[in-house]
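First, the structure itself, so that you have it in front of you.
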Amino acid sequence: MAASHEPAIRVLMMPRDTNAHGTIFGGVILSHIDQAGAIAAHQAGCPRVVTVALDQVEFHEPVFVGDLVSFYATPQRVGTTSVRIRVTVKAEGADRGEVVVTEADVTYVNVDGRGKPVPIAV
């Protein structure tokens, strides 16, 4: 499964997303990671997914107001009913080049309308 050169999503960070230190809340980044991963899961053949696991996330760089943050999502493993997506987060701002903020492996389960696991159609 080849890595995409295009981000699943790109987000401009705004003042409403800051913590008391003036940087972007980690939870805001986690929310976007989940969304980007879900987009990749849909593209991998899962029309409806639920998030079941988000592996350890370690922030390497802060994210600032005005940063353009890109979330790159690449399928790592497609199972019978689940898919694991690697999401790499990169930020770029006016005062710095592009930096890797964090990465995470997110596991989704393909579900039906009642929330029950169903096989992935590939």
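The values are calculated or read from the model by the stated rules, or taken from the named source; none is laboratory data. Here the structure is a predicted model, which is why all the values come from computation and not from measurement. No Cβ is skipped: glycine too gets one built from the backbone with ideal geometry, and neighbour counts run over all protein chains shown.
Within the stretch 95-114, does at least one residue satisfy the condition of being over 20 Å from N19 (Cα atoms), in contact with a Leu (Cβ under 7 Å, 6 or more places away or on another chain), in a strand (DSSP E or B) and of a type outside the set (S, T, Y)?
Yes, because at least one residue in the stretch 95-114 is over 20 Å from N19 (Cα atoms), in contact with a Leu (Cβ under 7 Å, 6 or more places away or on another chain), in a strand (DSSP E or B) and of a type outside the set (S, T, Y).
May I pose another question? With respect to the numbered conditions (1) surrounded by 12 or more Cβ atoms within 10 Å (Cβ to Cβ); (2) in contact (Cβ under 8 Å) with a residue 24 or more places away in the chain, which one is the sole condition not fulfilled by P119?
Exception for P119: condition (1).
Give me the pairs, please: first residue somewhere in the stretch 2-30 and at pLDDT 95 or above, second residue anywhere and exposed (fewer than 11 other Cβ atoms within 10 Å of the Cβ) and among the small types (G, A, S), beta-carbon distance under 9 Å, and either six or more positions apart or on two chains.
none
Turning to a different aspect of this structure: Say we look at the stretch 1-46 and pick out the residues that are β-branched (V, I, T) and either farther than 16 Å from E61 by Cα or touching a His at 6+ places or on another chain (Cβ under 6 Å) (or both); which of these is surrounded by the fewest Cβ atoms within 10 Å (Cβ to Cβ)?
Restricting to residues being β-branched (V, I, T) and either farther than 16 Å from E61 by Cα or touching a His at 6+ places or on another chain (Cβ under 6 Å) (or both), the top hit is I9.
Looking at the stretch 82-97 only, could you name the residues that are modelled with pLDDT of 95 or more and surrounded by fewer than 16 Cβ atoms within 10 Å (Cβ to Cβ)?
Of everything in the stretch 82-97, just one residue is modelled with pLDDT of 95 or more and surrounded by fewer than 16 Cβ atoms within 10 Å (Cβ to Cβ), namely E92.
Considering the stretch 31-56 alone, what residues qualify as being hydrophobic (A, V, I, L, M, F, W, C) and either more than 19 Å from S82 (Cα to Cα) or touching a residue at least 40 places away in the same chain (Cβ under 8 Å) (or both)?
Residues satisfying the conditions are I33, A36, A38, A40, A41, A44, C46, V49, V50, V52, A53, L54.
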